[in-house]
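What follows is a short report on a single structure.
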Amino acid sequence: MNVETPSSAEAAASLATYGAVAVGVAGLVLASALAYPPVAAAVSTVGTALLVGISLRAIWSSALAARSPSPPAPPVGEWPAVTLVVTAYNEADVLGETLDACRALDYPNLGIVVCYESASTDGTAAIATAADRADDRVTAVRRDAPPGGKAAAVNHALRHASGDIVASIDANQRPERGMLRRAVRWFEDDDVWCVKGRCYGTNAAASPIALHATVERHLLERAEFYARDVFGGFTIFTGGQVVFRRELVEAVGQFDETILIEDVDMACRTHRAGFGLRVDPGIVTHEDNPASLGAWVSQRRRWARGAFQVAQRHAVGLLRSPSVSPVAKLDAAFTFGYVLLAPILFLSLPALWIASPSPAADPVGAALRLSPAVAGLFAAAVVFSLDAAAGRPHDGREYLAPFTLWAYAAVQGVVVVTAFADEFVLDAPVTYVTSSTDDSTDDSAVSAED
């Protein structure tokens with residue numbers, strides 16, 4: 001493992017380079033569509049169908065999200081022991097506030113393991129050890145090996161976990177006071193082995209990047225991910241927090257340290273083993289999203305490439321598993337199909353718009369091509385309404401961001417194409433970049449050869 005420190009300038013340069021390549025490829029597709037009418041017709045038909053399918057899915061998920069989750073009644077008698085694991089690497093700017101929130105949790109039988117990397121060069125170690133001295137429930141654990149990403153840190157921390165149930169959160173996830181009591185109630189159902197809550201963004205005012213990332217996360221965390229639970233689909237956990245039975249790791253193995261999104265990989269293994277994974281947006285941790293271009297590009301590039309890795313590893317296995325329901329299989333097929341087709345769809349968008357008939361000649365087709373923007377507005381209206389009813393505040397700018405999410409999505413499309421090229425074309429070394437809200441102090445990254 002080699003440790004790298006990418007900068008915002010490097011991330012921007014990489015994005016510009018890959019963006020130029022993406023524009024070139026998109027230009028070739030456009031030129032072909034303009035020169036050959038059958039190509040234009042195929043791009044228009046297939047591209048429009050994909051956009052409409054994505055839009056209908058978003059609208060349907062938002063409508064399903066209006067249903068209120070209902071966990072089982074609290075346990076009778078003593079609450080089970082819970083070990084809360086917090087992993088940190090160069091995160092002194094957020095770790096103290098997170099540990100304060102963890103220590104304030106309303107849970108009677110709680111142990112907290114904060115695992116910090118010895119390679120941290122800021123005050124992370126001092127904050128972790130100070131919390132250890134101040135609270136008997138806190139155990140600071142130093143990981144002396146070279147940084148290996150979140151999976152390696154969680155696996156190391158689990159050696160020190162003693163609870164029947166484990167909650168794992170990132171250093172920038174601040175749990176609400178009642179988070180654990182609500183999460184643990186789900187384990188009264190013997191079929192439930194894993195529970196994912198909602199990561200609620202709180203720094204929308206930090207920058208335009210943070211604003212749009214926050215709204216994007218609201219739409220995913222409150223609508224899309226929860227809707228999968230409502231209709232019995234392919235539930236996953238992402239975003240830095242999860243609660244699971246300790247036996248889960250014994251049954252399906254530790255978090256995989258060779259993959260870029262170890263959380264989704266573990267969710268796939270949970271499904272394939274036939275264990276229940278529930279999603280409850282009432283289980284909330286507060287997070288800060290990346291505020292700089294460099295931090296955001298690094299994070300989303302890792303997520304996108306990790307999604308390609310998971311799709312290659314688990315798509316066929318999930319569809320063949322006798323433990324996965326037909327509905328979950330269909331949903332998994334949609335999920336991985338979208339992951340693999342997204343780069344192609346993005347590169348075809350210029351041809352889809354320019355080579356298709358004009359809005360005057362084909363108003364229905366033009367309206368269908370605009371359906372993702374309409375679906376995004378509908379989803380945002382539903383999520384904001386649900387949050388208003390629940391007393392959850394939003395920055396005023398968040399209500400305007402859905403109107404410009406299309407521009408944010410275009411930049412994200414370049415990042416996805418970048419990840420696709422790294423994974424399938426260039427076979428580039430795998431780089432794990434820690435999530436950060438700001439790269440002014442240099443995000444740390446871990447590189448490993450495939």
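Taking 8 Å as the Cα distance limit and 6 or more residues as the minimum spacing, I'd like the relative contact order of the chain as a percentage. Let's see the in-between values first.
Working: 815 pairs, mean separation 113.7, N = 450.
Normalised by residue count, the contact order of the chain is 25 percent.
Rank these residues by their accessible area, most exposed first, probe 1.4 Å: Arg133, Arg181.
Arg133, Arg181
Counting only protein heavy atoms and using a 1.4 Å probe, what share of the accessible area of the chain belongs to carbon plus sulfur, as a whole percent?
Of the solvent-accessible surface of the chain, carbon and sulfur hold 61 percent.
Give the dimensionless ratio obtained when the Cα radius of gyration of the stretch 359-406 is divided by 2.2 N^0.38 Å.
1.48
Which percent of the Cα-Cα distances in the chain go past 27 Å? Spell out each step's value before the answer.
Numbers: 54744 of 101025 pairs.
Here the tail beyond 27 Å accounts for 54 percent of pairs.
Report, by chain and number, residues whose modeled amide H sits under 5 Å from the one on Arg198, excluding near sequence neighbours (fewer than 5 apart, same chain).
Counting only residues 5 or more places away or on other chains, the set is Ile283, Val284, Thr285.
Would you check the accessible area of His286, probe 1.4 Å, heavy atoms only, in square angstrom rounded to 10?
Ignoring ligands and nucleic acids, His286 comes out at about 50 Å².
Just read off the accessible area of Asp144 with the full protein assembly in place, 1.4 Å probe, to the nearest 10 Å².
That residue has around 100 Å² of solvent-accessible surface.
Binned at 5 Å from 0, what are the whole-percent values of the Cα-Cα distance distribution for the stretch 281-416, short to long?
Cα pair-distance distribution for the stretch 281-416, in percent: 2, 8, 11, 14, 17, 19, 15, 10, 4, 1, 0.
Work out how much length Ser32 to Thr121 would gain on full extension: take 0.36 nm times their residue separation and subtract the Cα-Cα distance, in nm to one decimal.
On the way: separation 89, 0.36 × 89 = 32.04 nm, distance 5.21 nm.
Taking Ser32 through Thr121 to full extension adds about 26.8 nm, to one decimal.
Determine the principal axes of the Cα atoms in the stretch 50-119, then give the extent along each, sorted from largest to smallest and rounded to whole angstroms.
Principal axes ranked by extent give 48, 43, 16 Å for the Cα atoms.
Specify, per residue and in Å³, the volume enclosed by the convex hull of the alpha carbon atoms belonging to the stretch 315-376.
Dividing the Cα hull volume of the stretch 315-376 by its residues yields 109 Å³.
For Thr87, Thr121, write out the residues from largest to smallest accessible area, computed with a 1.4 angstrom probe and no ligands counted. If you can, show how the numbers build up before the last one.
On the way: Thr87 10, Thr121 120 Å².
From most accessible down to least: Thr121, Thr87.
Filter the chymotrypsin sites (Phe, Trp or Tyr not before Pro) in the stretch 220-325 down to the DSSP loop ones having no more than 16 other Cβ atoms within 10 Å, then list what survives.
Numbers: sites: Phe225, Tyr226, Phe231, Phe234, Phe237, Phe244, Phe255, Phe275, Trp296, Trp303, Phe308; in loops: Phe231, Phe234, Phe237, Phe255, Phe275.
Loop-located and lightly packed - Phe231.
I'd like to check one number: the per residue accessible area of the stretch 342-411, probe 1.4 Å, reported in Å² as a whole number. The partial results should precede the final answer.
On the way: 3620 Å² over 70 residues.
Ligands and nucleic acids excluded, the result is 52 Å² per residue.
Tell me the per residue accessible area of the stretch 103-144 using a 1.4 Å probe; a whole number in Å² is fine. Intermediate values should be presented prior to the final figure.
Details: 1910 Å² over 42 residues.
With all protein chains present, the stretch 103-144 gives 45 Å² per residue.
For the stretch 237-312, what ratio Rg/Rh do Cα atoms give with a Kirkwood hydrodynamic radius?
Working: Rg = 13.9 Å, Rh = 14.0 Å.
Rounded to two decimals, Rg/Rh equals 1.00.
Positive end of the dipole of the chain, charges at C-beta (+1 Lys, Arg; -1 Asp, Glu), about the Cα centre: which of Ser162, Val242, Leu95 has its Cα farthest in that direction?
Val242
If I histogram all Cα-Cα distances within the stretch 149-266 using bins 10 Å wide from 0, what percent of pairs lands in each bin?
Calculated over all Cα pairs of the stretch 149-266, the distribution is 12, 41, 36, 10, 1 percent.
Nearest 10 degrees is fine. How inclined is helix 326-354 to the longest principal axis of the chain, computing both from alpha carbons?
40
Take the chain, connect every pair of alpha-carbon atoms lying under 10 Å apart with a spring to form a Gaussian network, then pick out the residue of Val279, Val415, Val249 with the largest mean-square fluctuation.
Val249
The values are calculated or read from the model by the stated rules, or taken from the named source; none is laboratory data. Predicted, not measured: the structure shown is a model, and the values here were computed from it. Using ideal geometry, Cβ is built from the backbone for each residue, glycine included, and neighbour counts are taken over all protein chains shown. Accessible surface is based on the protein model in full, side chains and every heavy atom, while ligands, DNA and RNA are left aside. Shrake-Rupley method; radii C 1.70, N 1.55, O 1.52, S 1.80 Å.
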